[in-house]
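The values are calculated or read from the model by the stated rules, or taken from the named source; none is laboratory data. On a predicted model such as this, the values are computed, not experimentally measured, just so you know. Please note: Cβ atoms are built from the backbone with ideal geometry, for glycine as well, and neighbour counts cover all protein chains shown.
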Amino acid sequence: MRHLRGTFANAVALLAVASAATDTDTARAASSSAVPSATVPLSTGAVALDFTIAIDKFIFFRIGDGAWPTPGGTTSMVSFALAPTIPGGPTTPTAGNNKPVNWNGAAPTFSVTPSGNALPVEVRSNAGQVTLRATATTPLSNGTSTIPMSEIAIASSDTNLPAPAIPNTGTGTPVNVAGTALGNLVTVRSATWTFSYANLASRRAGTYLGMVTFTASSP
């Protein structure tokens with residue numbers, strides 16, 4: 001199963017300050033003057049100057065390769081290898097043809113060995129509530145045989161950065177990332193997502209390939 005690398009959205013420049021120019025620009029100043037006087041100190045009225053500060057919204061979302069502020073350039077791969085154990089011993093079979101083994105006739109059991117299944121995840125945003133979704137982009141398939149994507153589960157090391165459930169098809173149920181400042185307007189979260197394979201049913205032998213796409217969005 002593959003995972004999208006992190007994505008960086010919106011403007012890189014976070015703060016834009018308008019400079020003083022003509023009366024048609026963002027910064028505007030009033031004027032005042034006083035006539036000469038021999039007995040009264042000169043004093044003008046108040047002079048006003050207006051400023052505008054524009055801060056763009058952004059979302060940075062990464063799974064696997066890369067780190068803030070640069071997204072990774074590699075799509076991460078999570079793998080699971082299933083090895084049979086033949087009952088009667090139990091015995092792990094030896095690869096090859098015509099290999100003798102004691103077997104009591106019961107169905108073999110399969111152990112699952114993961115590889116690359118713990119991935120760093122990072123979310124940064126100033127756009128308010130950040131929502132994460134998982135989409136089954138390509139089903140887990142080996143020829144005509146398939147495995148439901150929902151048999152891939154994700155556990156997060158931080159409940160403030162939860163992992164969305166992977167659906168069998170389409171886009172699954174969204175989850176919200178907890179904000180870190182300014183009433184949930186700013187988010188800076190990182191965690192480790194650990195993927196696991198449930199192995200709920202017997203499958204045809206072979207290599208099953210699929211892809212899941214994760215997205216982050218805000219209002």
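Listing for the model above:
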item: Lone qualifier among 100, 167 - being in a loop (DSSP other than H, G, I, E, B), out of contact with any strand residue (DSSP E or B) (no Cβ under 7 Å at 6 or more places or on another chain) and either within 15 Å of residue 197 (Cα to Cα) or not assigned by TED's automatic domain parsing to the domain that holds residue 184 (or both); result: 100
item: Per-region count, region 174-219, residues of a type in the set (Gly, Ala, Ser), assigned to a loop (DSSP other than H, G, I, E, B) and over 16 Å from residue 162 (Cα atoms); result: 6
item: Criterion violated by residue 157 - all others in (1) crowded, with 17+ Cβ neighbours inside 10 Å; (2) farther than 29 Å from residue 56 by Cα satisfied; result: (1)
item: Hits in region 108-129 - residues which are assigned to a loop (DSSP other than H, G, I, E, B) and in contact (Cβ under 8 Å) with a residue 60 or more places away in the chain; result: 117, 126, 127, 128, 129
item: Residues that are modelled with pLDDT of 85 or more and β-branched (Val, Ile, Thr), drawn from region 87-116; result: 109, 112, 113
item: Filter result for the condition that a residue is of a type in the set (A, V, I, L, M, F, W, C), at pLDDT below 65, surrounded by 15 or more Cβ atoms within 10 Å (Cβ to Cβ) and over 23 Å from the mean Cα position of the chain (by Cα), over 27, 34, 18; result: 27
item: Total residues in region 43-74, condition at pLDDT below 90 and in the same structural domain as residue 122 (by TED's automatic domain parsing); result: 10
item: Residue 61 being touching a Lys or Arg at 6+ places or on another chain (Cβ under 9 Å), surrounded by 11 or more Cβ atoms within 10 Å (Cβ to Cβ) and either assigned to a strand (DSSP E or B) or in contact (Cβ under 8 Å) with a residue 60 or more places away in the chain (or both); result: yes
